[in-house]
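Step one of this worksheet: look at the structure below.
Since every read-out is calculated from the coordinates, none of them should be taken as a lab result. On a predicted model such as this, the values are computed, not experimentally measured, just so you know. Ideal geometry is used to build each Cβ from the backbone, glycine not excepted, and the neighbour counts take in all protein chains shown.
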Amino acid sequence: MSSLLPPATRALILVNVGVYLLELLAPDPMVGLFALWPLHSRLFEPWQLITYAFLHDPKNIAHIFLNMFALFMFGRGLELYWGSRRFVGYYFVCVIAAALTQLAVESGTSAAEPVLGASGGVFGVLLAFAWYFPNQRLIVLPIPIPMPAWLFVTIYALIELFSGLTRTQQGVAHFAHLGGMLGGALCILYWRTRHRFSS
C-alpha cells in the first residue's frame, strides 16, 4: 500500500481499519464513547465531533469498505496535489462540519441514534476532487458510462439532498454527508480568498 498511497491517506485508512477491528472486539463501549450522539443525549461528549469519523458499523463491512475505497481513490490525488498537511487539515474540517451539520439537523428532533463513519470527510474529499479535477472521467458502477467528476459529484449531492429531505434510506446521515461537502467548499473558498488578499 505504501507504494500506492501518500502518507496521510495511508495513515487515515490504516487508523480506520484498526479502529474497526477494535469495534469488532468491543462494539458497545466503542460506540458509546466515540460515536457522535445527539446533543440532548447523556452520551454526547465534545471529542465525538472527531472520533465518530473513525468508527463504522461493525455489523456491515461494506460501510467501512466503501468509505476507505473512496478515500483510496480520491484522497491520494488530492494529497499529491496539496501536500499532506493541507490534505489532513481539509479532511478534519470536513469531518467537523459534517458533525455540526448533523447535530443541528437533529436538534429539533427526538433522534437518539448515534452517527458513525468517515462519510462526512469522504464527501468533502469528493467535492474537492471535483473542484480541482472537474474533467477527470469516472466510471461509476453499475452504470458503465464515463462521466466528468463535477457531474458525478453534483448528481451524488442532489441524491443526498433528496434522500435527506424525504427521509429515505433510514439510518443514513445524509445531512452529515452534505455538511462535509459544505465544510469542504467553505474551506476551499477561504483558502482562495486568503491567497488572493495575500497576493
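Could you tell me which residue out of Trp47, Ala130, Tyr20 lies farthest along the dipole of the chain toward its positive end? Charges go on the beta carbon: Lys and Arg +1, Asp and Glu -1, centred on the Cα centre.
Projecting each Cα onto the dipole axis, the largest value belongs to Ala130.
Taking only the alpha carbons of the stretch 7-198, what extent do you get along each of the three principal axes, in Å, biggest first?
44, 42, 37
Counting pairs of alpha carbon atoms under 8 Å apart in space and at least six apart in sequence, what relative contact order in percent does the stretch 7-198 give? Mind dumping the intermediate values first?
On the way: 270 pairs, mean separation 46.6, N = 192.
Over the stretch 7-198, the number comes to 24 percent.
Under the Karplus relation 6.51 cos²θ - 1.76 cosθ + 1.60, θ = phi - 60°, what is the ordered set of whole-Hz ³J(HN,Hα) values for the stretch 44-61, x standing for Gly and Pro?
5, 9, x, 5, 5, 4, 10, 5, 4, 6, 10, 9, 9, 4, x, 9, 9, 5
By how many degrees, between 0 and 90 and to the nearest 10, does the Cα long axis of helix 119-132 differ from the longest principal axis of the chain?
10
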